[in-house]
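The values are calculated or read from the model by the stated rules, or taken from the named source; none is laboratory data. Note that the coordinates shown come from a computational prediction; the quantities given were computed from them, not determined experimentally. In this analysis, Cβ positions are derived from the backbone assuming ideal geometry, glycine residues included, and neighbour counts consider all displayed protein chains. What goes into the accessible areas is simple: the full protein's heavy atoms, side chains included, and nothing from ligands, DNA or RNA. Shrake-Rupley method; radii C 1.70, N 1.55, O 1.52, S 1.80 Å.
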Amino acid sequence: MSLHIKNGLLIETAGSTQRQADLYLQDGKIVGIDKAPDDFQAAQTIDAAGRWVMPGLVDCQARLRDPGQPEKANIESETLAAIKNGITSLCLPPDTQPAIDNSATVELIHHRNEMFGHRAHVYPIGALTRGLGGEQLSNMASLRDNGCIAFSNAKIPLANNLVQRRAMDYAAGQQSMVIIQPLDHELLGNGCAHEGAISTRLGLPAIPEAAETAALAKDIELVAQTGARTHFGQLSCARSVDMIRRAKAKGLPISADCAIHQLFLTDHDIGYFDSNMFTIPPLRSESDRDALREGVADGTIDCLCSDHQPHEVDAKLKPYPSAEPGISGLDTLLPLALRLVEEEVLPLADLITRLTLNPATIMGLPGGKIEVGEIADLIIVDPETHWICQAANFVSKGKNTAFEGWDFRGSVTHTIIAAEIVYQL
Amino acid sequence: MPANGNIQLDENGRLRHFLSIEGLDQAILTEILDTAQSFTSVADRTIKKVPILRGITVANLFFEASTRTRSTFELAEQRLSADILSLNVDTSATVKGESLLDTLQNLEAMQIDMFVIRHQDSGSAYFFAQHVRPGVSVLNAGDGQHEHPTQAMLDMYTIRHYKKDFSGLRVAIVGDILHSRVARSQIHALNLLNTAEIRVIAPRTLLPVATESLGVSVYEDLERGLKDVDVVIMLRLQKERMRGALLPSEKEYFRKYGLSQERLQRAKPDAIVMHPGPANRGVEIESSVMDGSQSVILQQVSFGISVRMAVMSMIVRQSGLQSGSET
């Protein structure tokens with residue numbers, strides 16, 4: 001397969017300028033920019049005039065619920081949602097059922113993706129402990145050899161600091177990265193909303209910032225102790241951004257992401273108990289949201305992810321505190337991200353870096369840049385299309401959006417994975 | 001769409017559900033109190049009944065234990081001539097795995113017109129109201145730590161009965177504000193009725209963050225907080241809701257926050273003492289105060305019936321379900 005994309009505006013990652021250029025793709029790779037290789041014969045040509053050509057998005061945190069929760073979603077449904085929304089790589093947290101703590105599950109995921117998937121790359125993150133039980137280390141070396149890109153205990157607590165220290169040491173010794181969602185489970189308790197005036201008014205059990213920041217402080221100390229390469233996922237607090245900024249300044253080997261919805265929603269959006277607004281970590285205050293935006297803009301927060309958590313209708317059709325947390329995010333990752341440019345939070349090239357090059361580099365994955373010799377995972381975006389977000393039109397099986405009725409601009413017209421068009425509007 | 005975006009009001013601003021004091025206005029609260037007053041005489045009749053809810057079926061759905069709220073609701077329903085179905089859902093369908101919504105819809109299929117619901121989740125009353133069929137009403141008999149609006153209205157009734165006007169009053173609410181749905185409803189109601197000053201008095205561990213944002217002043221010292229108040233509302237120390245380390249001991253709580261005769265002296269001489277019940281004698285309130293001349297705790301209970309009659313009759317008037325009889 002060979003593909004010629006002509007007249008598109010290349011949106012490259014930070015540091016380079018946007019310019020109109022032709023791209024030549026062959027044998028899975030980008031083989032020419034501006035100029036075709038000598039013997040290039042285009043089997044197909046896309047005229048991308050007036051549209052953007054950019055690397056496919058690398059989503060560093062998306063739950064496909066496969067294996068184990070077919071009522072919520074599966075690899076087939078969610079990889080389709082991914083490619084239709086410009087996401088070409090997905091990193092899967094280990095809290096599947098069974099957990100990604102053994103090679104058979106890793107193989108099962110890859111097998112299902114080959115059989116039923118829609119060509120998006122899926123990258124399992126291995127369990128840090130057996131069965132995510134928090135006590136015994138998982139077989140990290142074998143899991144890494146089988147394709148786990150990093151190790152995490154998802155949102156499940158470790159038994160104690162000693163287990164965490166040893167897990168980080170062991171992972172570091174295996175040249176593997178640890179991914180941590182900082183969360184102190186005692187301070188979390190049965191909380192379901194940010195501790196503030198809203199939780200007070202609604203009588204919702206509250207989650208203080210310290211549920212995240214106290215854990216993060218300890219986690220950062222353990223990074224300093226062990227030197228383990230660590231990525232912090234789905235931060236929600238202003239104070240966390242500050243702590244990451246300071247830890248990075250000290251030269252610790254850390255990186256961080258935040259879920260895209262945290263940049264747009266606050267606890268005010270809970271309204272009269274809208275269970276679609278229930279997330280862990282919770283939607284926080286406006287000042288937290290603004291600090292997260294600042295962190296994204298100045299690079300303290302390296303990546304933006306969907307934190308995709310698709311649910312069946314019944315999971316949310318409950319009173320707020322009894323509903324299951326999480327937002328179905330694949331369908332809204334790119335349009336929300338583009339809004340950040342519109343709202344002048346950061347320039348387009350920087351935004352694309354947070355969505356492509358940074359997550360790819362941090363997770364050690366191919367993709368994320370437009371260079372000769374790179375894998376040809378590309379998307380073409382029409383920046384002008386206006387559309388209204390409607391859960392009913394979601395490709396994801398999870399219709400649990402927090403953005404119903406939002407006005408979005410920009411839509412994916414083509415998704416190209418390894419030089420093949422896997423989706424076309 | 002409801003007048004102010006709150007689903008408990010219809011497009012004309014009339015009461016369709018009764019879910020929270022928040023979202024209502026002073027006119028509705030006053031109407032409830034006036035209507036309740038007109039019902040107090042019903043209790044003095046030989047036949048304590050009026051036909052306002054004749055032909056209407058009310059289901060009392062209690063997912064959490066309750067004695068006085070449930071029995072005063074039932075009495076109110078009986079005095080309004082409703083047909084009544086009372087369910088302790090705790091012990092029935094939901095333990096068999098039936099979803100909340102299924103339970104609700106099965107009952108709807110029995111042509112229930114009005115649900116009185118108590119549930120342990122904050123926001124559950126709104127959840128039910130959002131999912132009942134048009135024309136079916138929901139009354140909140142307590143949802144988690146959110147609101148308990150009929151309790152607050154009977155408290156307002158009690159205050160108005162003894163003090164006439166709210167605008168010159170200092171009211172103190174003492175105790176476990178953090179876990180109290182009663183306190184939240186009372187605070188909203190007192191604010192809507194233009195109470196001069198609302199104080200909440202509690203140790204910091206029993207105060208939610210940003211308590212001041214509810215429109216109250218916060219005291220951590222009981223004796224200072226009680227100074228010159230007209231009304232003292234004591235809250236139950238909800239022991240079952242305590243999750244570790246909120247308080248050192250009941251003894252210390254009583255020492256610092258228990259209402260004794262001596263401390264009550266700091267309030268105005270004609271101050272009234274209230275408690276939504278059930279009270280823990282010797283924990284938040286001394287027996288002699290509870291049984292003393294300033295206590296109106298038992299009157300609260302009897303006012304509870306007319307207040308609940310008032311709310312149900314206003315809802316039925318709004319819905320047009322009324323059985324065509326004289327009121």
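Give the Rg/Rh ratio for region B:149-301, taking Rg as the radius of gyration of the Cα atoms and Rh as the Kirkwood radius, to two decimals.
Result for region B:149-301 is an Rg/Rh of 0.92.
Can you give the alpha-carbon Rg of region B:79-227 over 2.2 N^0.38 Å, where N counts its residues?
1.25
Can you give the accessible area buried between chains A and B, summed over both chains, with a 1.4 Å probe, in Å² to the nearest 100?
Values: alone 15990 and 13870 Å², together 28150 Å².
Counting both chains, the buried surface is close to 1700 Å².
Quick one: the Cα spread of chain A along its three principal axes, in angstroms, biggest first?
63, 47, 43
Hey, could you grab the Kirkwood Rh for region A:376-425? Inverse mean 1/r over distinct alpha carbon pairs, Å, one decimal.
After inverting the pairwise mean of 1/r, the radius is 12.2 Å.
If you take each beta carbon of peptide B:282-289 and count the beta carbons of other chains within 10 angstrom, what is the mean? Present the calculation step by step, with values, prior to reporting the outcome.
Working: counts 0, 0, 0, 0, 0, 0, 0, 0.
So the per-residue partner count for this stretch is 0.
For region B:149-301, what is the accessible area per residue in Å², given a 1.4 Å probe and the full set of protein chains?
Normalised by residue count, the accessible surface of region B:149-301 is 40 Å².
In region B:96-127, which residues become less accessible by 50 Å² or more once every protein chain is in place, relative to the chain on its own, using a 1.4 Å probe?
Relative to the lone chain, where solvent access is computed with a 1.4 Å probe, region B:96-127 loses at least 50 Å² at B:ASP121, B:SER122, B:PHE127.
Considering protein heavy atoms only and a 1.4 Å probe radius, which residues within region A:253-287 exhibit an accessible-area decrease of no less than 10 Å² in the full assembly relative to the chain by itself?
Residues shielded by partner chains are A:TYR272, A:PHE273.
Can you tally the net charge around A:MET177? Count Lys and Arg as +1, Asp and Glu as -1, for every other residue whose Cβ sits under 14 Å from the Cβ of A:MET177.
Here the count lands on -2.
Considering only DSSP beta bridges with both partners in the protein assembly as shown, what is the antiparallel share in %, to the nearest 5?
Just about 30 percent of them are antiparallel.
Which of the chymotrypsin sites (Phe, Trp or Tyr not before Pro) found in region A:3-78 are in a DSSP loop and have at most 16 neighbouring Cβ atoms, other than their own, within 10 Å? Provide the component values of the computation, followed by the final result.
Working: sites: A:TYR24, A:PHE40, A:TRP52; in loops: A:PHE40.
Here the sparse-neighbourhood loop sites are A:PHE40.
For region B:217-327, build the convex hull from the C-alpha positions and give me its volume per residue in Å³.
Dividing the Cα hull volume of region B:217-327 by its residues yields 164 Å³.
Give the carbon-plus-sulfur fraction of the accessible surface of the protein assembly as shown in %, rounded to a whole number; probe 1.4 Å, heavy atoms of protein chains only. Working shown, then result.
Numbers: 13380 of 28150 Å².
Whole-percent figure for carbon plus sulfur exposure: 48.
How much of the DSSP bridge set in chain A is antiparallel, in percent, rounded to the nearest 5?
Numbers: 29 of 59 bridges.
So the antiparallel bridges amount to about 50 percent of the total.
Give me the residues in region B:163-211 whose solvent-accessible area, probe 1.4 Å, is reduced by at least 40 Å² once all protein chains are included instead of the chain isolated.
The answer is B:ARG184, B:VAL209 - residues whose exposure falls by at least 40 Å² when every protein chain is included.
Filter the GluC sites (Glu not before Pro) in region A:291-350 to those in DSSP coil with at most 13 other Cβ atoms within 10 Å of their Cβ, and list the result.
Values: sites: A:GLU294, A:GLU312, A:GLU342, A:GLU343, A:GLU344; in loops: A:GLU312, A:GLU343, A:GLU344.
Those that pass, being in a loop and sparsely packed, are A:GLU343, A:GLU344.
Please state the Cα pair-distance histogram of chain B with 20 angstrom bins from zero: what percent is in each bin?
Reading upward from the zero bin: 33, 57, 10.
Using each residue's phi in region B:105-112, evaluate 6.51 cos²θ - 1.76 cosθ + 1.60 at θ = phi - 60° and report the 3J(HN,Hα) Karplus result to the nearest Hz, with x for Gly and Pro.
For region B:105-112, the Karplus curve yields 5, 5, 5, 4, 5, 8, 6, 7 Hz.
Principal axis lengths of region B:12-62 from Cα atoms, whole Å, largest first?
Taking max minus min along each principal axis of the Cα atoms, region B:12-62 gives 38, 26, 23 Å.
Region A:46-122: which GluC sites (Glu not before Pro) are DSSP loop and have at most 16 other beta-carbon atoms within 10 angstrom?
Hits after loop and neighbour filter: A:GLU71.
Eigenvalues of the Cα gyration tensor times 5, then square-rooted: what semi-axes does that give for region B:1-141, in whole angstrom, largest first?
On the way: eigenvalues 116, 87, 38 Å².
The three semi-axes for region B:1-141 are 24, 21, 14 Å.
What accessible area per residue, rounded to a whole number of Å², is obtained for chain A using a probe radius of 1.4 Å?
Spelled out: the 1.4 Å probe surface of chain A, per residue, equals 36 Å².
Which semi-axes, in whole Å and largest first, does the equivalent ellipsoid of region A:268-425 have when worked out from the alpha carbon gyration tensor as the square roots of 5 times its eigenvalues?
After scaling each eigenvalue by five and taking roots: 28, 20, 15 Å.
Could you pull out every residue, at least 5 positions away or on a different chain, whose amide H is within less than 5 Å of the one on A:LEU137? Hs are placed 1.01 Å off N in the peptide plane, and Pro or chain starts have none.
A:ARG130
What relative contact order, as a whole-number percentage, does chain B give when Cα pairs under 8 Å and 6 or more residues apart are counted?
After rounding, I find 20 percent.
Hey, can you grab everything whose amide H is under 5 Å from the amide H of A:ILE180? Only 5+ residues off in sequence or another chain; H modelled, so Pro and N-termini drop out.
A:HIS231, A:PHE232, A:GLY233
Give, to the nearest whole percent, the P(r) tail of region A:188-278 beyond 17 angstrom, counting all Cα pairs.
Roughly 54 percent, once rounded to a whole number.
Taking the Cα atoms of the protein assembly as shown alone, what are Rg (to one decimal) and Dmax (as a whole number) in Å?
Rg and Dmax of the protein assembly as shown, Cα atoms, are 30.1, 106 Å.
Taking the square root of 5 times each eigenvalue of the Cα gyration tensor, what semi-axes in Å does the equivalent ellipsoid of region A:204-354 have, largest first?
Numbers: eigenvalues 135, 76, 36 Å².
With the √(5λ) rule applied to region A:204-354, the semi-axes are 26, 20, 14 Å.
Sort out the exposed loop trypsin sites (Lys or Arg not before Pro) in chain A (DSSP loop, at most 16 other Cβ within 10 Å) and tell me the longest stretch that has none.
Numbers: sites that count: A:LYS35, A:LYS250.
Result for the longest clean stretch: A:36-249.
Just how far, in whole angstrom, is region A:211-285 from region A:398-425 if you go by their alpha carbon centroids?
27 Å
Taking DSSP loops as anything outside H, G, I, E and B, show the longest stretch in chain B free of trypsin sites (Lys or Arg not before Pro) there with at most 10 other beta carbons within 10 Å.
Excluding the exposed sites themselves, the longest stretch runs over B:46-163.
Once you've got the GNM for chain B with C-alpha springs shorter than 10 Å, pick whichever of B:ASN106, B:ASN280, B:ASN194 has the biggest mean-square fluctuation.
B:ASN106
How large is the accessible surface of A:THR385 in square angstrom, using a 1.4 angstrom probe and rounding to the nearest 10?
Number for this one is 50 Å².
Ranked by accessible surface with a 1.4 Å probe, highest first, in what order do B:VAL229, A:VAL395 come?
Correct descending sequence by accessible area is A:VAL395, B:VAL229.
What residues qualify as long-range amide H neighbours of A:LYS29, i.e. H under 5 Å apart, gap of 5 or more or another chain, H built at 1.01 Å from N?
Answer set, sorted by chain and number: A:ALA376.
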